[in-house]
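These notes concern the structure reproduced below.
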Amino acid sequence: MKKILMFTYSIVAYLIAFGSILFWIASVGNLVPAIGIDQEPQMSTLWAILNNLLLISLFGVQHSVMARKWFKELFIRYFPRPIERSTFVLISGLLLFNLVYNWQPIGGQIWRVEPDSVLFYVLYGLFFVGWAILFISSFLINHFDLFGLRQTFLELMGKPYTQLKFRVTLFYKYVRHPLYFGMLLGMWATPNMTVTHLAFAIAISAYVIVGTLFEEKDLMNEFGDTYKAYQAKKPMLIPFTKWRKRVNQSPMVKEELK
C-alpha cells in the first residue's frame with residue numbers, strides 16, 4: 001500500500017509540475033490573452049518590482065537548496081527516499097505557478113513586431129523551438145527520472161534504483177545544458193517585448209546562470225574526469241560559443257564523449 005501511495009504521489013507531483021510549465025509557456029507567449037504576461041499594471045512600479053523580486057527569489061532559493069546533496073540527505077532521514085525527487089518537482093511546480101500567476105506587470109514597451117511582418121513569425125518560431133528543445137532535452141536525460149516518476153515506479157516494482165549513466169546525445173553534443181538553453185530561447189524570443197516581459201526574462205536568465213553553476217559542481221562530483229573533459233569541450237548554455245580545447249582523456253572518457 002505504501003508503494004502505491006508513493007507512486008500516486010509522484011504522479012500528482014508530475015501533473016502539477018507539467019501543468020505549471022504549460023501555464024508558464026502560455027503566459028510568456030501570450031498564447032492565452034487572459035493569462036498573458038503583458039497585462040496592464042495593477043500597482044505602483046516600486047511595489048511591482050519588489051513583488052517580482054520576492055517571487056523570483058523564492059523560486060530560485062527553493063531550487064538551489066532542494067537540489068543540493070546535503071538537503072537530499074536530510075530529507076531521506078525523515079521521508080522515503082523514492083519520493084525525494086517528486087517532492088522537489090511538486091514544490092517547484094507550485095512555486096513556478098505562483099511565480100507566473102502573481103508576476104506583476106510594470107508597463108512600458110521595448111519592441112513590438114506587427115503580425116504582418118515576417119519577423120513576427122520568425123520570433124514565434126524561435127519561441128516554440130526553444131520550448132521544444134527543453135522538452136526533448138528532458139527525454140534525452142530521462143524525462144521520468146527528472147520528474148520523479150522512475151524512482152517511485154522502480155520502488156513499486158520492487159527493483160533497486162540505479163543512477164543514470166553519463167551520455168552525450170543530440171543537443172548535448174553542442175551545449176552542456178540544452179534544457180536551459182531552450183528555456184532561455186523561449187523566454188527571449190518574442191515579437192512583443194514589454195518591460196514586464198524583459199524583467200521576467202532577466203530574472204529567469206539570472207536564475208538559470210546561478211543554478212547552472214551550482215549544478216555544474218554537482219555533476220563534477222558525480223562524474224569526475226568524464227564531466228571535466230566534456231566541460232572543456234562544450235559551452236555551458238549557448239551552442240557554438242566555445243572553441244575546443246585539448247584535454248588528456250582516458251580511452252573510457254573518449255568513448256563516453258562520442
Apart from one, (1) modelled with pLDDT of 95 or more; (2) in contact with a Gly (Cβ under 9 Å, 6 or more places away or on another chain) all hold for residue 30; the odd one out is (1)
Based on this model, can you work out whether residue 112 counts as basic (Lys, Arg), open to solvent by 60 Å² or more (accessible area, probe 1.4 Å) and over 20 Å from residue 202 (Cβ atoms)? no
Counting only helices (runs of 4 or more DSSP H) entirely within region 136-194, those with at least 3 residues that are open to solvent by 20 Å² or more (accessible area, probe 1.4 Å) and farther than 30 Å from residue 36 by Cβ are 149-156
Consider region 181-200. How many of its residues are closer than 18 Å to residue 52 by Cβ and in contact (Cβ under 8 Å) with a residue 60 or more places away in the chain? 10
Here are 21, 11: which of them is touching a Leu at 6+ places or on another chain (Cβ under 9 Å), at pLDDT 95 or above and surrounded by fewer than 17 Cβ atoms within 10 Å (Cβ to Cβ)? 11
Within the bounds of region 57-70, is there any residue that is over 20 Å from residue 211 (Cβ atoms) and either in a helix (DSSP H, G or I) or at pLDDT 95 or above (or both)? no
When (1) at positive phi; (2) part of a helix (DSSP H, G or I); (3) not aliphatic (A, V, I, L, M) are applied to residue 107, the one that fails is (2)
Give me the pairs, please: first residue somewhere in region 157-180 and more than 20 Å from residue 228 (Cβ to Cβ) and of a type in the set (S, T, N, Q), second residue anywhere and modelled with pLDDT of 95 or more and loosely packed, with under 10 Cβ neighbours inside 10 Å, beta-carbon distance under 8 Å, and either six or more positions apart or on two chains. none
Which numbered condition in (1) among the β-branched types (Val, Ile, Thr); (2) open to solvent by 30 Å² or more (accessible area, probe 1.4 Å); (3) under 28 Å from residue 6 (Cβ atoms) is the only one that residue 89 fails? (2)
Residue count, region 17-57, condition among the aliphatic types (A, V, I, L, M), within 18 Å of residue 198 (Cβ to Cβ) and under 20 Å from the mean Cα position of the chain (by Cα), comes to 6
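The values are calculated or read from the model by the stated rules, or taken from the named source; none is laboratory data. Worth saying up front: this structure is predicted, and the values here are computed from it rather than measured. Virtual Cβ from ideal backbone geometry, glycine too; neighbours counted across all protein chains shown. Each accessible area value is taken on the protein alone, full model and side chains, heavy atoms only, with ligands, DNA and RNA left out. Shrake-Rupley method; radii C 1.70, N 1.55, O 1.52, S 1.80 Å.
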